[in-house]
Amino acid sequence: MSFELNGATYETDEDGYLLNLDQWSKEVADYLAAEEDVEMTEAHWEVINFLREYYEEYKIAPMIRILTKAIGKKLGKEKGNTKYLYELYPGGPAKQACKIAGLPKPTGCV
Amino acid sequence: MAKKIETDELTGEIVTPNIEPGATAHYKPNLAAQEHNESLGFPGSKIEGWEEKAIGRMGELLSKYRSLKVYMDTCVRCGSCADKCHYFLGTGDPNNMPVARQELMRKVYRRYFTPGGKLLPGLSGAEDMTGKMLDEWFSYFHQCSQCRRCSVYCPFGIDTAEVSMAARDIMNSVGVGQKYCNEVLGKVLDVGNNLGMEKPALANTLEFLEEDVEEESGVAVRYPLDEVGAEVLLIAPSADFFSSPHIEGFTGYGKVFHEAGVSWTVSSYASEFANFGMFVGNFETMRKVAQRIVDAARELKVKRIIVGECGHAWRVGYSFWNTLTGPFDFLDPKHRTPTHICEFTLDLIKRGVIRLDKSANDDLNVTFHDSCNVARGSRMGDKPGGQFDIPRELIRSVCNNFVEMDQDTIREFTYCCGGGGGLLTDELMELRVKGAMPRAQALHEVMERNGVNTMAMICAICKAQFTKVLPSYGIGMDVVASVHQLVSNAIILGGNRGV
């Protein structure tokens, strides 16, 4: 599968996750978010930025608790929980946010 | 955003649906890519002359596993199983009646392996192995979660799961694999876990947990990695390093070891208890995954293996490990191999080794969901029924409020969560939501009647599946809990008396 954006072609897997992670850009994220009916706010970007930083170092998305704690630190303790992340990303912070962040889909019993 | 999936209204009743032929014929998992198949030693894609090869593989399985032949021959189509499958109850597709699902293989079996089917196929209900048949296999043998509820009601004890496993093995042998399972198996055999989490990430995750628990409790609980000479090798499903409420359960394991004063370690080489080799029905793949655990146990020079909350892997560990990779005579013979974390913790509680404050769980009103492969594929402890009684006794010892769901939906009659057997993948979401209907109904009943707000369980797939699908029924994902999360809430840290 693939999609076109501003004249470029982006290959994805069956579920719409980017195959070539280097192709990711903010514009691509906006496009993927729109596909998911997610309106990107500053808080959404905090999640995406943290996911990408973590992935760059560890080649995998972080455990949910690492993510919630990091978001709590950035946006305030009352927002450092799973419930808040699901408010931002109703499709799940692991899967939907990873997709928009251009990370591969997490696999396994998740 | 995914479209909303229609669900039955929650009434607390599990009603047998009207039959809708072909209702789910379009449900199919993604096909495995060449690299996924080849990494497991299967052909990369559908091979030339696949029909003949598939029949050849069926013949091999029939001669290797007498059980499969017995299951092919014995069914009298009495229909006892027809309304016992959660996927039939949730979808109404008659091919999801276990008898009809098995019939997809029986028709082919009769055609090639019985005299009547060879000579007079039309009169024998025999059919050729064709592309259309393979399509039906790929669809409907991936609408079976291998939960074996139907087998409990079968007067002959025919095991549908074994039939589904054989069908998937045959499909893999001709290059028609399922992406979700084969990709995950590739990762566990390459990296050591289903997530593909490499050692630095695992180390970072465990360090985070240490800091987090200490911050919260003031007690330095360790979550060790690759420590040679530890007494216990803890093998958890890797979802315990990633998702919620899995991680809350894993946090609890560490607290239990801490209070018991037992040294333990996680292995980066074998950081996965799950074994999808069972789901794809392939003995050699299942053996290779299990072998990593034995190799890690030897390397780390541990005395015993304790395993975390994972349903199908408990079946593999309890029922198959000894055949796959035994004997475990290098471990301390005083302990069962493997020991389930629930039996380990309950024993410590009974002996007064760890101290508890049950009131920490007083805001919870808890029920227990039996996971299919624990309930029907294994035992636990040293008494029959231990797989039912030990988790319940453990919950009751850390919680004041416990309620059972309807008796037809618990213990050996439990319903699958709807995501077991290698079906926990997004493209099957509609099936997963609909297949969760029976459990959602039973849960709804105790939520309404008894004010239950927590459903505890000991399976990583069940936890992931329910947090994802229960919201479709209007039930919040926060009802889903790990059993050791309840332990973690109640355990008094620093009360350490040691074993």
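Taking region B:10-29 as the range and being under 30 Å from A:Ala97 (Cα atoms) and surrounded by fewer than 18 Cβ atoms within 10 Å (Cβ to Cβ) as the test, the residues that pass are B:His26, B:Lys28. Taking residues in region B:160-187 that are without any contact (Cβ under 8 Å) to a residue 40 or more places away in the chain, and partners anywhere that are buried (at least 24 other Cβ atoms within 10 Å of the Cβ) and of a type outside the set (S, T, N, Q), the pairs with Cβ atoms closer than 8 Å and at least 6 places apart or on different chains are B:Lys187/A:Gly108; B:Lys187/B:Leu195. For region B:242-289, the set of residues classified as among the small types (Gly, Ala, Ser) and crowded, with 24+ Cβ neighbours inside 10 Å consists of B:Ser243, B:Ser244, B:Gly249, B:Gly252, B:Ser267, B:Ala270, B:Ser271, B:Ala274, B:Gly277, B:Gly281, listed by residue number. Considering only region A:56-103, state which residues are more than 8 Å from every other protein chain (Cβ to nearest Cβ), farther than 21 Å from A:Glu36 by Cβ and either outside any helix (DSSP H, G or I) or β-branched (Val, Ile, Thr) (or both). Selection gives A:Gly76, A:Gly80, A:Asn81.
Of all positions in region B:275-293, at least one carries a residue that is away from every other protein chain (no Cβ under 14 Å) and over 25 Å from B:Cys147 (Cβ atoms). I'd like to know if region B:356-378 contains one or more residues that are of a type in the set (Lys, Arg), surrounded by fewer than 19 Cβ atoms within 10 Å (Cβ to Cβ) and over 19 Å from the mean Cα position of the chain (by Cα). Yes, some residue in region B:356-378 is of a type in the set (Lys, Arg), surrounded by fewer than 19 Cβ atoms within 10 Å (Cβ to Cβ) and over 19 Å from the mean Cα position of the chain (by Cα). Every condition in (1) closer than 20 Å to B:Asn282 by Cβ; (2) buried (at least 16 other Cβ atoms within 10 Å of the Cβ) holds for B:Lys69 except the one numbered (2). When B:Val228, B:Val184, B:Val213, B:Val188 are checked against the criterion of being assigned to a loop (DSSP other than H, G, I, E, B) and not basic (Lys, Arg), B:Val228 stands alone in meeting it. Screening region B:167-181 for residues that are closer than 22 Å to B:Gly377 by Cα and surrounded by 24 or more Cβ atoms within 10 Å (Cβ to Cβ) and picking the one that is nearest to the other protein chains (Cβ to nearest Cβ) gives B:Cys181. Under the condition of being part of a helix (DSSP H, G or I), free of Cβ contacts under 8 Å to residues at least 24 places away in the same chain and within 22 Å of A:Lys95 (Cα to Cα), the residues counted in region B:191-210 number 4. Residue check: B:Arg432 meets all listed conditions (1) crowded, with 22+ Cβ neighbours inside 10 Å; (2) within 14 Å of another protein chain (Cβ to nearest Cβ); (3) closer than 28 Å to B:Thr11 by Cβ; (4) in contact (Cβ under 8 Å) with a residue 60 or more places away in the chain but one, namely (4). So, in region A:17-55, how many residues would count as being more than 12 Å from chain B (Cβ to nearest Cβ), in contact (Cβ under 8 Å) with a residue 12 or more places away in the chain, part of a helix (DSSP H, G or I) and more than 23 Å from A:Gly80 (Cβ to Cβ)? Result for region A:17-55: 5. Going through (1) buried (at least 19 other Cβ atoms within 10 Å of the Cβ); (2) on the phi < 0 side of the Ramachandran plot one by one, B:Gly421 falls short only on (2). If the condition is being aromatic (Phe, Trp, Tyr) and more than 24 Å from B:Ser145 (Cα to Cα), then region B:371-428 contributes only B:Phe402.
Of the helices (runs of 4 or more DSSP H) contained entirely in region B:403-499, those carrying at least 2 residues that are closer than 26 Å to A:Gly92 by Cβ and among the polar types (S, T, N, Q) fall at B:460-469, B:483-490. So for region B:296-305 (the condition being among the acidic types (Asp, Glu), part of a helix (DSSP H, G or I), more than 27 Å from B:Ala481 (Cα to Cα) and touching a Gly at 6+ places or on another chain (Cβ under 9 Å)), does at least one residue qualify? No, there is no match, as no residue in region B:296-305 is among the acidic types (Asp, Glu), part of a helix (DSSP H, G or I), more than 27 Å from B:Ala481 (Cα to Cα) and touching a Gly at 6+ places or on another chain (Cβ under 9 Å).
Give me the residue from region B:460-480 that is hydroxyl-bearing (Ser, Thr, Tyr) and more than 9 Å from chain A (Cβ to nearest Cβ) and, out of that set, farthest from B:Asp426 (Cα to Cα).
Looking at residues that are hydroxyl-bearing (Ser, Thr, Tyr) and more than 9 Å from chain A (Cβ to nearest Cβ), I get B:Tyr473.
Annotation: of all residues in region B:202-251 being of a type in the set (Gly, Ala, Ser) and within 14 Å of chain A (Cβ to nearest Cβ), the one that is nearest to B:Gly495 (Cα to Cα) is B:Gly249. Scanning region B:182-199 turns up at least one residue that is closer than 15 Å to B:Phe138 by Cα and either within 14 Å of another protein chain (Cβ to nearest Cβ) or surrounded by fewer than 24 Cβ atoms within 10 Å (Cβ to Cβ) (or both).
All of the numbers you see were taken from the coordinates with simple rules; none came from a lab. Since the model is a prediction, treat every value here as computed from it, not as a measurement. For neighbour counting, all protein chains shown are included, and Cβ atoms are generated from backbone atoms with ideal geometry for every residue, glycine included.
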